[in-house]
Amino acid sequence: MTLEIRKYGDPVLRAKGARVTVDEKVRKLADDMLETMHAANGVGLAAQQIGQALQLTVVDVAAVEDRPSTLRIDGREVDVRQAMPLILLNPEIKLDESEIVTGVEGCLSFPEISAEIDRSHAVVVNADTLDGKRVQLEATGLLARALQHEIDHLNGILFIDRMSSGVKASLASKLKRMQKETQQAFGKRQKLPRAFAL
Ligand code: ZN
C-alpha cells in the first residue's frame, strides 16, 4: 500500500522519532514505506515522511548508476545493488569528517527543490534490522549521502537545515509557498509553530 508523503510545513517532519521494536505493525509499515518510496522514484524515505515519528527508514540506491556507492556490512564488502533495499531501525550514525563532498540532493517532502549540500563522503551506521539483529554499515558515496539525509529526518532535521545560507535565501519564497500550501491542506486546526518561519 502506498502512503501519503508529508510535505514541508507538516509538523511531523520536525518530530524526533521514537525507538521502534520489531513487530507485525513495523514490518507492514516498512513494507508500505518501500512501496511508497519506489512509487515516488525516491532513493530513501523516513517514517516522518509518511506521518510517523519513528526511528525507521528505508533506502534503495540500486537504480542510480551515475553516482557510485560502496557498502560493508559487519566489515564485509557487499554488492551495493544486491544489498538493497535497506530497512533500518534505530540507526546511529558516525560521520567521517575527513572528506566532505558537495552533491545535489532532493527530498520527497520538498517536491520542487534540489540543492547542493555538503556531506561526509563516508559514514558508519549501526542499526537494527527486521530480523532483530544489530548490524554495522560502512558506506561511501551516494549511499552515505542517502543515509545522512534519512537519519537526519529521523531526528527532525531537514536538508534545508544543511544548505548554505545563500542557497536557502534563494529558495525562501518557494519554501514559504510550500509551507503555506501544506498548512492550507491541513486546514486551520493546526497553526505551525514559530520555529518553522524562515
Ligand atoms: Zn528527505
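The values are calculated or read from the model by the stated rules, or taken from the named source; none is laboratory data. Just so we're clear, the structure is a prediction, and the values are computed from it rather than from any experiment. Glycine gets a Cβ as well: all are built from the backbone with ideal geometry, and neighbour counts include every protein chain shown. What goes into the accessible areas is simple: the full protein's heavy atoms, side chains included, and nothing from ligands, DNA or RNA. Shrake-Rupley method; radii C 1.70, N 1.55, O 1.52, S 1.80 Å.
Observations, loosely collected:
- For the stretch 143-166, a tally of residues being within 20 Å of residue 75 (Cα to Cα) and surrounded by fewer than 21 Cβ atoms within 10 Å (Cβ to Cβ) returns 0.
- Test: residue 140 is more than 15 Å from the ligand (Cβ to nearest atom) and touching a residue at least 40 places away in the same chain (Cβ under 8 Å): yes
- Test: residue 122 is crowded, with 22+ Cβ neighbours inside 10 Å, of a type outside the set (Ser, Thr, Tyr), away from the ligand (no atom under 13 Å from the Cβ) and not in a helix (DSSP H, G or I): no
- Of the numbered criteria (1) farther than 23 Å from residue 120 by Cα; (2) outside any loop (DSSP other than H, G, I, E, B), the one residue 22 fails is (2).
- Neighbours by Cβ (under 8 Å, 6+ apart or cross-chain): first from the stretch 90-106, closer than 19 Å to residue 133 by Cβ; second hydroxyl-bearing (Ser, Thr, Tyr) and in a strand (DSSP E or B): 91/57
- Pairs linking a residue in the stretch 170-185 that is under 16 Å from residue 5 (Cβ atoms) to a residue that is in a helix (DSSP H, G or I) and open to solvent by less than 70 Å² (accessible area, probe 1.4 Å), with Cβ atoms under 9 Å and 6 or more positions apart or on different chains, are 179/196.
- The lone criterion from (1) open to solvent by 20 Å² or more (accessible area, probe 1.4 Å); (2) more than 27 Å from residue 21 (Cα to Cα) left unmet by residue 105 is number (1).
- In the stretch 1-21, the residue that is most open to solvent (accessible area, probe 1.4 Å) out of those that are in contact with a strand residue (DSSP E or B) (Cβ under 7 Å, 6 or more places away or on another chain) and closer than 21 Å to residue 137 by Cβ is 19.
- Top-ranked residue in the stretch 154-168 [being in contact with a Leu (Cβ under 9 Å, 6 or more places away or on another chain) and more than 17 Å from residue 100 (Cα to Cα); ranked as nearest to the ligand (Cβ to nearest atom)]: 158
- Number of the exception - residue 111 against (1) within 13 Å of the ligand (Cβ to nearest atom); (2) in contact (Cβ under 8 Å) with a residue 24 or more places away in the chain; (3) open to solvent by 20 Å² or more (accessible area, probe 1.4 Å); (4) not in a strand (DSSP E or B): (4)
- Looking across 157, 113, one residue alone is aliphatic (A, V, I, L, M) and modelled with pLDDT of 95 or more. It is 157.
- If you go through the stretch 23-57 and pick out every residue that is among the hydrophobic types (A, V, I, L, M, F, W, C), in contact (Cβ under 8 Å) with a residue 60 or more places away in the chain and open to solvent by less than 20 Å² (accessible area, probe 1.4 Å), you end up with 7.
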